[in-house]
Amino acid sequence: MAHHSDSSLLPSSVRTKPQLWEHLFVQLTHLLDGQRDWVTNLANTSSLIYHSLLSYPAFGNGPSSVNWCGFYINSSLFPTPKIRMDHSVAAASDDASSRLLLAPFCGKPACQYIDTAPGRGRGVCADSFTSRKTLVVPNVNAYPGHIACDGGTKSEIVCPLILRTQGREVTLGVFDLDCLAQGGFDDDDKAGLEKIAQLVVDACDW
Ligand code: SME
(Lines give C-alpha, C1' and ligand atoms only; values in the text may rest on other atoms or scores of the structure.)
Protein backbone atom coordinates (compact mmCIF):
# COMPACT_ATOMS: atom_id res chain seq x y z
CA MET A 1 0.00 0.00 0.00
CA ALA A 2 1.34 3.45 -0.89
CA HIS A 3 1.64 5.92 1.98
CA HIS A 4 1.63 9.71 1.71
CA SER A 5 5.18 9.70 3.04
CA ASP A 6 6.30 7.59 0.07
CA SER A 7 5.93 10.66 -2.14
CA SER A 8 9.22 11.98 -0.73
CA LEU A 9 11.19 8.88 -1.80
CA LEU A 10 13.49 9.64 -4.72
CA PRO A 11 13.81 6.99 -7.43
CA SER A 12 17.36 6.18 -8.57
CA SER A 13 16.50 7.51 -12.05
CA VAL A 14 16.64 11.06 -10.61
CA ARG A 15 20.27 12.09 -11.19
CA THR A 16 20.29 15.77 -12.21
CA LYS A 17 18.68 18.84 -10.70
CA PRO A 18 16.28 19.35 -13.64
CA GLN A 19 15.18 15.71 -13.19
CA LEU A 20 14.85 16.30 -9.45
CA TRP A 21 12.59 19.32 -9.84
CA GLU A 22 10.51 17.68 -12.57
CA HIS A 23 10.04 14.67 -10.30
CA LEU A 24 9.02 16.94 -7.41
CA PHE A 25 6.53 18.76 -9.62
CA VAL A 26 4.81 15.49 -10.54
CA GLN A 27 4.85 14.19 -6.95
CA LEU A 28 3.44 17.44 -5.61
CA THR A 29 0.72 17.54 -8.25
CA HIS A 30 -0.51 14.16 -6.99
CA LEU A 31 -0.06 15.02 -3.30
CA LEU A 32 -2.11 18.23 -3.51
CA ASP A 33 -4.81 16.74 -5.73
CA GLY A 34 -8.27 17.04 -4.12
CA GLN A 35 -7.16 19.45 -1.38
CA ARG A 36 -7.65 23.24 -1.70
CA ASP A 37 -6.84 24.35 1.87
CA TRP A 38 -3.71 26.50 1.82
CA VAL A 39 -2.47 25.58 5.32
CA THR A 40 -2.70 21.88 4.52
CA ASN A 41 -1.08 22.29 1.12
CA LEU A 42 1.76 24.49 2.36
CA ALA A 43 2.43 21.97 5.14
CA ASN A 44 2.64 19.02 2.77
CA THR A 45 4.63 21.01 0.20
CA SER A 46 7.32 21.98 2.69
CA SER A 47 7.56 18.38 3.91
CA LEU A 48 7.71 16.87 0.42
CA ILE A 49 10.37 19.28 -0.82
CA TYR A 50 12.46 19.14 2.36
CA HIS A 51 12.57 15.37 2.67
CA SER A 52 13.00 14.80 -1.06
CA LEU A 53 15.94 17.22 -1.20
CA LEU A 54 17.55 15.46 1.77
CA SER A 55 17.40 12.26 -0.30
CA TYR A 56 19.23 13.94 -3.19
CA PRO A 57 23.02 13.59 -2.78
CA ALA A 58 23.86 17.28 -3.36
CA PHE A 59 21.44 18.29 -0.61
CA GLY A 60 21.66 15.19 1.56
CA ASN A 61 22.44 14.89 5.25
CA GLY A 62 25.86 16.32 5.97
CA PRO A 63 27.76 19.58 5.62
CA SER A 64 25.91 20.63 2.44
CA SER A 65 22.44 19.69 3.65
CA VAL A 66 19.30 21.70 3.11
CA ASN A 67 18.40 22.76 6.66
CA TRP A 68 15.14 24.71 6.30
CA CYS A 69 12.26 24.66 3.84
CA GLY A 70 9.05 26.57 4.30
CA PHE A 71 6.76 29.50 3.86
CA TYR A 72 6.19 33.02 5.13
CA ILE A 73 2.81 34.53 4.29
CA ASN A 74 1.61 38.07 3.78
CA SER A 75 0.18 38.89 7.18
CA SER A 76 -2.21 41.52 5.88
CA LEU A 77 -4.05 38.88 3.82
CA PHE A 78 -4.21 36.35 6.64
CA PRO A 79 -4.55 38.42 9.80
CA THR A 80 -4.36 36.85 13.23
CA PRO A 81 -7.89 36.71 14.70
CA LYS A 82 -8.63 39.80 16.77
CA ILE A 83 -11.19 38.15 19.08
CA ARG A 84 -9.51 36.85 22.22
CA MET A 85 -10.63 33.78 24.18
CA ASP A 86 -12.37 36.04 26.72
CA HIS A 87 -14.27 37.69 23.80
CA SER A 88 -12.47 41.03 24.20
CA VAL A 89 -11.20 42.56 20.99
CA ALA A 90 -7.47 43.06 20.55
CA ALA A 91 -6.22 46.31 19.09
CA ALA A 92 -5.42 45.97 15.42
CA SER A 93 -1.71 46.15 14.77
CA ASP A 94 -0.51 48.63 12.16
CA ASP A 95 2.44 46.34 11.53
CA ALA A 96 0.21 43.52 10.31
CA SER A 97 -0.07 45.22 6.93
CA SER A 98 3.65 45.12 6.29
CA ARG A 99 5.07 41.90 7.56
CA LEU A 100 5.48 38.27 6.71
CA LEU A 101 4.25 35.68 9.19
CA LEU A 102 5.90 32.28 9.67
CA ALA A 103 3.76 29.58 8.01
CA PRO A 104 4.14 25.80 7.50
CA PHE A 105 7.78 24.71 7.30
CA CYS A 106 10.24 21.88 7.97
CA GLY A 107 13.43 22.52 9.90
CA LYS A 108 14.37 24.19 13.15
CA PRO A 109 12.24 26.98 14.70
CA ALA A 110 12.53 30.27 12.81
CA CYS A 111 11.72 33.94 13.32
CA GLN A 112 7.98 34.46 13.47
CA TYR A 113 7.66 37.81 11.72
CA ILE A 114 9.68 39.51 8.99
CA ASP A 115 9.18 43.23 8.51
CA THR A 116 8.57 44.25 4.88
CA ALA A 117 7.73 47.92 5.41
CA PRO A 118 9.47 50.38 3.04
CA GLY A 119 12.61 51.64 4.76
CA ARG A 120 12.29 49.12 7.59
CA GLY A 121 12.08 45.78 5.85
CA ARG A 122 15.28 43.81 5.47
CA GLY A 123 16.46 40.33 4.65
CA VAL A 124 16.18 37.94 1.74
CA CYS A 125 12.52 37.09 2.30
CA ALA A 126 11.46 40.74 2.55
CA ASP A 127 13.46 41.62 -0.58
CA SER A 128 11.98 38.73 -2.58
CA PHE A 129 8.50 39.63 -1.38
CA THR A 130 8.72 43.32 -2.25
CA SER A 131 10.57 42.86 -5.55
CA ARG A 132 8.44 39.83 -6.54
CA LYS A 133 11.60 38.12 -7.75
CA THR A 134 13.33 34.89 -6.86
CA LEU A 135 16.58 35.59 -5.03
CA VAL A 136 19.47 33.11 -5.06
CA VAL A 137 21.95 34.03 -2.34
CA PRO A 138 25.20 32.01 -2.51
CA ASN A 139 26.64 33.50 0.70
CA VAL A 140 24.12 34.81 3.21
CA ASN A 141 26.85 36.44 5.28
CA ALA A 142 27.59 38.77 2.36
CA TYR A 143 23.92 39.70 1.89
CA PRO A 144 23.04 43.09 3.38
CA GLY A 145 20.29 42.72 5.97
CA HIS A 146 20.17 38.93 5.91
CA ILE A 147 18.20 37.61 8.88
CA ALA A 148 19.98 34.66 10.45
CA CYS A 149 17.37 32.34 11.96
CA ASP A 150 20.02 29.59 12.14
CA GLY A 151 23.72 30.45 12.40
CA GLY A 152 24.54 27.32 10.40
CA THR A 153 22.84 28.55 7.24
CA LYS A 154 25.30 29.56 4.51
CA SER A 155 23.13 29.99 1.39
CA GLU A 156 19.49 30.58 0.61
CA ILE A 157 16.89 30.77 -2.15
CA VAL A 158 13.58 32.63 -1.79
CA CYS A 159 10.77 32.61 -4.34
CA PRO A 160 7.64 34.79 -4.15
CA LEU A 161 4.16 33.28 -4.23
CA ILE A 162 2.19 35.36 -6.72
CA LEU A 163 -1.52 34.94 -7.36
CA ARG A 164 -2.56 36.31 -10.76
CA THR A 165 -6.27 36.98 -10.76
CA GLN A 166 -8.57 39.30 -12.71
CA GLY A 167 -5.65 41.22 -14.19
CA ARG A 168 -4.08 41.78 -10.77
CA GLU A 169 -1.05 40.32 -9.08
CA VAL A 170 -1.27 39.59 -5.36
CA THR A 171 1.90 38.57 -3.52
CA LEU A 172 0.73 35.94 -1.04
CA GLY A 173 4.07 35.29 0.62
CA VAL A 174 7.39 33.57 -0.09
CA PHE A 175 8.84 30.07 -0.25
CA ASP A 176 12.25 29.90 1.45
CA LEU A 177 14.96 27.22 1.38
CA ASP A 178 18.21 27.32 3.35
CA CYS A 179 21.40 25.29 2.95
CA LEU A 180 24.36 24.59 5.25
CA ALA A 181 26.84 25.02 2.35
CA GLN A 182 27.74 28.16 0.43
CA GLY A 183 26.43 28.18 -3.14
CA GLY A 184 23.84 25.52 -2.37
CA PHE A 185 21.33 26.75 -4.94
CA ASP A 186 21.70 27.55 -8.64
CA ASP A 187 19.64 28.49 -11.68
CA ASP A 188 18.22 24.95 -11.96
CA ASP A 189 16.87 25.28 -8.42
CA LYS A 190 15.47 28.72 -9.26
CA ALA A 191 13.59 27.39 -12.30
CA GLY A 192 12.36 24.34 -10.38
CA LEU A 193 11.26 26.27 -7.32
CA GLU A 194 9.39 28.86 -9.39
CA LYS A 195 7.36 26.09 -11.06
CA ILE A 196 6.63 24.53 -7.68
CA ALA A 197 5.57 27.90 -6.25
CA GLN A 198 3.12 28.44 -9.11
CA LEU A 199 1.74 24.92 -8.66
CA VAL A 200 1.11 25.57 -4.96
CA VAL A 201 -0.56 28.94 -5.63
CA ASP A 202 -2.84 27.38 -8.24
CA ALA A 203 -3.66 24.38 -6.03
CA CYS A 204 -5.16 26.44 -3.17
CA ASP A 205 -8.18 28.62 -2.46
CA TRP A 206 -6.84 31.86 -1.00
N1 SME B 1 17.07 34.30 6.17
C2 SME B 1 15.76 34.84 5.97
C3 SME B 1 14.91 34.69 7.20
C4 SME B 1 14.10 33.46 7.26
S5 SME B 1 14.96 32.11 7.68
O6 SME B 1 16.05 31.85 6.76
C7 SME B 1 14.01 30.76 7.88
C8 SME B 1 15.85 36.29 5.52
O9 SME B 1 16.93 36.85 5.47
O10 SME B 1 14.81 36.87 5.22
The set of residues whose placed amide H lies less than 5 Å from the amide H of Gly121, leaving out same-chain residues fewer than 5 positions away, is none
The answer for the net charge of residues other than Asp202 whose Cβ lies under 15 angstrom from its Cβ, with Lys and Arg +1 and Asp and Glu -1, is -2
Dividing the mean separation of Cα pairs under 8 Å (6+ apart) by the residue count of the stretch 1-145 yields a relative contact order in percent of 17 percent
If one compares the long axis through the Cα atoms of helix 187-203 with the longest principal axis of the Cα atoms of the chain, the angle in degrees, nearest 10, works out at 60 degrees
A correct Karplus calculation of ³J(HN,Hα) over the stretch 31-47, with 6.51 cos²θ - 1.76 cosθ + 1.60, θ = phi - 60°, whole Hz and x for Gly and Pro, returns 5, 8, 4, x, 10, 10, 6, 6, 5, 4, 6, 5, 5, 5, 5, 5, 5
The size of the Cβ-based charge dipole (Lys, Arg +1; Asp, Glu -1) of the chain about the Cα centre, to the nearest 20 debye, is 240 debye
Cβ-Cβ cut-off under 14 Å around Asp178, Lys and Arg +1, Asp and Glu -1: the net charge is -2
Net charge near Asn44 (other residues with Cβ under 12 Å of its Cβ; Lys, Arg +1; Asp, Glu -1) is -2
Of Ser98, Ser46, Ser155, the most mobile residue in a GNM of the chain (C-alpha springs, cutoff 10 Å) is Ser98
The long-range amide H neighbours of Gly173, using H built 1.01 Å from N in the peptide plane and a cut-off of under 5 Å, are Asn74, Leu161
Most fluctuating of Gly60, Gly70, Gly184 in the GNM of the chain (C-alpha, under 10 Å) is Gly60
Here the stretch 15-30 yields Karplus 3J(HN,Hα) values (6.51, -1.76, 1.60; θ = phi - 60°; whole Hz; Gly and Pro given as x) of 10, 10, 5, x, 5, 4, 6, 5, 4, 5, 4, 5, 4, 5, 4, 5
Rounded to whole Å², per residue accessible area for the chain with a 1.4 Å probe reads 51 Å²
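The values are calculated or read from the model by the stated rules, or taken from the named source; none is laboratory data. Computed from a predicted structure; not experimentally measured. As a convention, Cβ positions derive from the backbone with ideal geometry for all residues, glycine included, and neighbour counts pool all protein chains shown. The protein model used for the area step is the full one, side chains on, heavy atoms only, and it has no ligands, DNA or RNA in it. Shrake-Rupley method; radii C 1.70, N 1.55, O 1.52, S 1.80 Å.
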